[in-house]
Every structure is written in C-alpha cells, then in structure tokens.
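The values are calculated or read from the model by the stated rules, or taken from the named source; none is laboratory data. This is a predicted model, so every value here is computed, not measured. Glycine gets a Cβ as well: all are built from the backbone with ideal geometry, and neighbour counts include every protein chain shown. Calculation scope for accessible area: heavy atoms of the full protein, side chains included, ligands and nucleic acids excluded. Shrake-Rupley method; radii C 1.70, N 1.55, O 1.52, S 1.80 Å.
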Amino acid sequence: MDFLPQPTLVVIVITIVLLYNIWRKKSSTIHKIKGLQPPEPSFALPLIGHLHLLGAKTPLARIFASLADKYGPIFQIHLGAYPALVICNQEAIKECFTTNDKVLASRPKSSHGVHLSYNFAGFGFAPYGSYWIKLRKLTMLELLSARRLEFLRPVYESEIDTLIRDLWMYLGGKSDVKVTISEWLERLTFNMITKMIAGKRYIENS
C-alpha cells in the first residue's frame, strides 16, 4: 500500500484539528450555559488538548502567568480529554474554598484511586460525599486535633532526638562526610507514622 504524499498528510492533519476544535466548541455551547464558561486558549489538539503548550523548558508557573495575562485570571485548559480550571487570582481562590467549596471539593476519578486507594477508599482519593465527610471528621478528631497532637507529642520529640543522635553517630565527628538528608527525613517520617499507628519504629537503629 502506497503512502500518501507528505503535503496531503499535512492537509489531512490540519483539517482534523480544525474539525475537532469546531466540534468541541459547538458541543460545549450546547451542553453548557453560554456566557458562564471561562476563556480557553485556542489550538487545542485532539487527544492531548493543550499539553503541547506546557511542554516547553519554561517553568509551569510562568506559562500559566503568561496565559493569565492573555486570557484573564481564570481560564480553562484541556489536559488530554479532561478540562482543568486554572485560577491565578487570590479573591477567586478564596471564593472557591469558601462559597463554592462543595462544588470544587471532589476529585477526578483515575486509575490511581482504583489501584492505590482500594477503589477510592482513601481520604486523598475519595470523591466528595457522605463517606468523604466522615473521613474528614475522623481525621480532624483523631489525627489533627489539638488534643491528639498534644497526646502524640512525645512520639515526635523522641523520633527527632533519635534522628539527631543517629546522624551524629553516622558523622563520627568528621566534617567531610556526605549526607543525603532526604533519606534521613524519609526515615523520620516513616518512623513517626508507624510508631503512632503500631507503636513500633519502621527502621531500627543501624
């Protein structure tokens, strides 16, 4: 089977992209209320959406800042087939987490929640609803409340003291020993979590 000439392929690809953008704009105006949609950058590609705009060497924060200067502090981009709302305004962020917090409290479903969180059973992956409200209440009462933090204070203090003592022994009084601090902090975090839950340390003294 002969391949099509390169100019013909380019024309076909451009036609598909234009037809896709026209179809998406028409479908969005049919299914959603016109006038309430945030502005959106043009030239979204099929399947990848606006991901090609985010793949430059420029930091992501600067890319969003330039888009905010062009389209306003609230705009929408497509990450693949999924729309994402980008907010670059302090007042709008405050409104999202106060007035409209219930609307924006849920999380998009993904394979991570199915496989890593036992079908969205974990607090970080569960969608907003009665189950998530119960998890949040349980977390606030049993983990983040002032009473619970004061009760677990000896665990924090003992693990930090142990980390400092182990680090001092590891250095051995030398000043030219290289230390990967991220590994030590990871060890500290795991030891705190497991000691609070099971009463035992995750990594014993080496």
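Figures for the structure shown
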{"quantity": "Amide H within-cut-off set for TYR128, under 5 Å, with H built and near neighbours excluded", "calculated": "SER106, ARG107"}
{"quantity": "Amide H within-cut-off set for GLY49, under 5 Å, with H built and near neighbours excluded", "calculated": "GLY80"}
{"quantity": "For the chain: relative contact order, % (alpha-carbon pairs under 8 angstrom, 6 or more apart)", "calculated": "10"}
{"quantity": "Anchor LYS102: aspartates and glutamates whose Cα lies under 20 Å away (excluding residues fewer than 8 positions away in-chain)", "calculated": "GLU91"}
{"quantity": "Candidates ARG148, ARG62, ARG165, ranked by Gaussian network fluctuation over the chain, Cα under 10 Å, top entry", "calculated": "ARG165"}
{"quantity": "Under Karplus coefficients 6.51, -1.76 and 1.60, residue-wise ³J(HN,Hα) of region 88-103 in Hz, glycine/proline x", "calculated": "10, 9, 5, 5, 5, 5, 4, 5, 5, 9, 10, 6, 10, 5, 5, 5"}
{"quantity": "Karplus 3J(HN,Hα) series, Hz, for region 134-140 with 6.51 cos²θ - 1.76 cosθ + 1.60 (x for Gly, Pro)", "calculated": "5, 5, 5, 5, 5, 5, 5"}
{"quantity": "Cross-link table LYS109/LYS134; LYS137/LYS195; LYS109/LYS137; LYS174/LYS200, entries beyond 27 Å C-alpha to C-alpha", "calculated": "LYS174/LYS200"}
{"quantity": "Separation between Cα centres of region 151-167 and region 57-131, rounded to whole Å", "calculated": "36"}
{"quantity": "Residue among ILE63, PHE190, ALA92 farthest towards the positive dipole end of the chain, charges placed on Cβ", "calculated": "ALA92"}
{"quantity": "Extended-chain gain in nm, criterion 0.36 nm per residue less alpha-carbon gap, LEU152 and THR15", "calculated": "43.0 nm"}
{"quantity": "Average accessible area per residue (Å²) across region 29-172 - probe 1.4 Å, nucleic acids and ligands excluded", "calculated": "75"}
